[in-house]
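This report concerns only the one structure given below.
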Amino acid sequence: RAQTLICGAGALSPKVARWFASDCHVHRACREGATKEPVNFIVGYGSTEAGNLATNRRILPHVEYKLLPVEGLIVGADAGEEVGELAVRTGVMMFAGYYQDDAKTKHAFDDEGFYKMGDIVKLTRGASPQEVFVDVIGRAKSSIKLGNGKWVMVESLEDLYRDVAEVRHIFLHGASTHDRLVAVVDREPKTSGGLSDVHLLAKLQTHAYQAKRETYERIAELMVSPEPFSVENGFLNSTGKLNRRALLGKYRAEVDGMLERAAHGIDIHDLGEHDPAQGFAEQGGTSLKAASIAKLYTELGLPLDRAIALLMDGQTTLAEASALMNLEVRNQKDKIGDVVDVDKDVELDDEMDNWKGVPRCDAKGVLVTGASGFVGGHVVAELLRGAAAGGPIVCVLREHTVEGAKKKLELSLHKLGLEEAVASCAGVECLLGNLSLNRLGLSSEDIEGLRGRVGTVLHLAAKVDLAATYRAHRSANVTGTREACRLAGMLGARLLHVSTTDVLPRVARLGYEEVEVFDLNLSAEEAPDDKHGYARSKWAAERVVVTARRRGLRCSILRLGMVAGHSATGICVARDWVPRLFVGIAHAQAFPFTDERHTLPHSVPVDVVAQAVIALLQADEAAVDGQGITVASCAGLLQMQELHRQLVAFGGPYAGMRLVPFPEWIQKVKDDAALSAWPIFKWAEHQPEFPVFNSRPVFAPAPNGPRVLQAVSSCPAAAEGLTRGLSGCALRAMLRHLLLRL
């Protein structure tokens, strides 16, 4: 007798929808009944506050809607699709407000009276302009922003992983200080059988890989809950949904441990273009290829022969081999601790002695690593404007396909507001590579195609996680630099290695007149320690470049200071230090007491940095070869007291902020700016006053000013921009951009 089935409440998973629509016995019974008609299946979407908004994904005619931006959100969207947080107005269907709760009511609406649904959605245009379909990707409040700036919709991912037969429930967690996800799994007892935890992890990783999920959406570590998730133990609420607070409270120590271990593991994405559901040898993998991949794990402490044996095991899939190798790396690390021999890391192999026989190449072509990054994107934009005309622009990107790499580059440039560069992307050659692999993962055919065409390798790519250790940065930053040197040597090209002023000693032992040197030659005590893992890895990378030069490689080191947002648009990386400070001050509604000793870390707009890098690329090679050049602000320091004056003058959330003692300010930051300023200031929680920055020597005094101004003299815009530093106009542009995202 049933003719219609209606689903409301929580979102229906596609798997369940397919079951009702085609396979369910109710559907078949309706078809076989008196009417012989299929069941009419209706899925509604709405809320108590706004009423019904859509039926079978189609937004209803009475609904006014818009999408609110979510800072850092990148979700794959095709043409005709938009992604953001849904806000709606539904006329007489809209509620008036929450009973006797004016504050909650005010927070629920935006300035135009649109009710904020709290759902991250994807909108797709239909055949006509009036036809719009809505798909809920996840809840804004349960979404997680990872350390790499990517947003993860954990609820939709949990739905995906629950499709694996061995999983009854799964709780995913991530953190703003880490790039990967970890999981607590409630196993399905009927199907788990004898499947080990490491093989379950491999199965989940393979499932996500085959679903074309991004690397950061794949589980890096898991643990199996010793007790089933239930309403009785509080792990599920009365509607059967996860009680995330209770689960995190129960497993906080275990989750934190998994996040830390995940930072030292290697994902199957790093193992090349292979199907993780099949064995390595089964896909034509040879012992030689296995040795190249195994090298990634040997750098983490796993014996080479053991890594090769696991890869070549005919009974083990590639995902299982990767999970087993990561497990053995962790076990090895537990035995020997986190001690790393940096001296061994910076050694070059014998193959890198063969450069001497490679003909020198002075071609105009440029190969860029890190092109999808903040600085890299602006450098590519400068190249596309014709700043280095006369040769190809080649970008090495970590992706599955060339088309995917090109799309990744275009999306990155679009995010940076570089639309002119997006329109010119057809002029860029994209190659698939990986920093951790031999020769950056480029094939012999790729390298032959570059020979004679590329005269400069511009190495910008790096992992930056200020909370992570040297070991976590080593593969990308040290190994990646070594392989960039290898590639440049094979091509007869020169290398421009982009480093950071963080490698400079905090105490001026070298003296100002010696700071801008190629080989810092720091003692172990003066070099960055492992508390500063990123800086230590970049210092080690510089040692690799210095060693490569002694073997005949033409190379220069460009040390960048802190990079600020674009001087005109203000577009910046919200998770960087200065943006976090600006947003955190707005969140805390307070500014700390400071005096003339306290200054804002020296910063330069990213467009100026890109212009300077290109100017150094074009400079007379004899003037920069074998040089260490600091690319940083040449302006005077901006005192924190002056910053306070500029923020108050800017207005908005800064207009009424109070000046408070530092201990009171740091407590407000901890309470009210936990996701913005707290991660960069928690180390100073117990200090009596605001920290003193800009203590490093940066420039050597010279008659005509810092040497970088002489080196970039061919580009007046770069020289003028470095002289201005972070001007008042550039600062206000950053504030406008950041506050639009709050």
### Query
Peptides 405-414, 615-624: what's the order by average Cβ count within 10 Å, highest mean first?
405-414, 615-624
### Task
Give me the accessible area of C7, 1.4 Å probe, in Å² rounded to the nearest 10.
30
### Task
With Cα Rg over 2.2 N^0.38 Å in mind, check (1) 1.02; (2) 1.18; (3) 1.28 and report the label derived from this structure.
(1)
### Task
Kindly flag which residue pairs out of K212/K250; K104/K145; K190/K289; K203/K406; K150/K241 have an alpha-carbon separation exceeding 28 Å in this structure.
K212/K250; K190/K289; K203/K406
### Under 17 Å from K415, Cα to Cα: aspartates and glutamates that are on another chain or at least 8 residues apart
E71, D78, E81, E82, E382, D576, D607
## Note on the structure
Phi angles of segment 274-280, converted by Karplus (6.51 cos²θ - 1.76 cosθ + 1.60, θ = phi - 60°) into ³J(HN,Hα) in whole Hz with x for Gly and Pro, give 10, 7, x, 7, 10, x, 5
### Query
Residues of segment 660-728: accessible area per residue at 1.4 Å, in Å²?
49
## Note on the structure
Rounded to a whole %, the carbon-and-sulfur portion of the accessible area of segment 338-444 at a 1.4 Å probe is 51
### Task
Treat every Asp and Glu Cβ in the chain as -1 and every Lys and Arg Cβ as +1, leave all other atoms uncharged, and give the resulting dipole magnitude about the Cα centre to the nearest 20 debye.
840
### Message
Using the basic label-point model (7 angstrom from Cα toward the beta carbon), what is the L67 to L739 distance in nanometres?
### Response
2.6
### Segment K141-D256, length gained on full extension (0.36 nm per residue, minus Cα span)
39.3 nm
### Query
By how many nm would the segment from S230 to L304 grow when fully extended, if each residue of separation counts as 0.36 nm and the alpha-carbon distance is taken off?
22.2 nm
### Message
Could you work out [θ]222 nm for the chain from helices alone, using -39500 (n - 2.57) per DSSP H run of at least four and dividing by all its residues? Round to the nearest 500 deg cm²/dmol.
### Response
-10000 deg cm²/dmol
#### Entry: Extension reserve of the E685-R645 stretch, reckoned as 0.36 nm per residue once the Cα distance is removed
11.9 nm
### Task
Keeping all protein chains in position, work out how much accessible area W539 exposes to a 1.4 Å probe, and write it in Å² to the nearest 10.
20
#### Entry: Estimated FRET transfer efficiency when R0 is 22 angstrom, pair S287-D350 (beta carbons, to 0.05)
0.65
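Averaged per residue, what accessible surface does segment 46-166 expose to a 1.4 Å probe, in Å²? Don't skip to the end; give the middle numbers.
Numbers: 6170 Å² over 121 residues.
Per residue, segment 46-166 has 51 Å² of solvent-accessible surface.
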#### Entry: Signed unit charges on C-beta, dipole axis of segment 566-690, positive-most listed residue Q667, A610, T594
Q667
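For segment 622-669, give the percent of accessible area contributed by carbon and sulfur heavy atoms, probe 1.4 Å, rounded to a whole number. Kindly include the intermediate steps, with their values, before the conclusion.
On the way: 1060 of 1970 Å².
Looking at segment 622-669 in its full context, I get 54 percent from C and S.
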#### Entry: For segment 172-249, accessible area per residue (1.4 Å probe, heavy atoms of protein chains only), Å²
46
### Query
When the dipole is taken about the Cα centre of segment 75-148, and only Lys, Arg (+1) and Asp, Glu (-1) are charged at their Cβ, what size is it in debye, to the nearest 20?
260
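The values are calculated or read from the model by the stated rules, or taken from the named source; none is laboratory data. Please read all numbers here as calculations on a predicted model, not as lab measurements. Counting neighbours? That spans all protein chains shown, and the Cβs are built from the backbone with ideal geometry, glycine included. We work out accessible area using only protein heavy atoms, side chains counted, and drop any ligands, DNA or RNA first. Shrake-Rupley method; radii C 1.70, N 1.55, O 1.52, S 1.80 Å.
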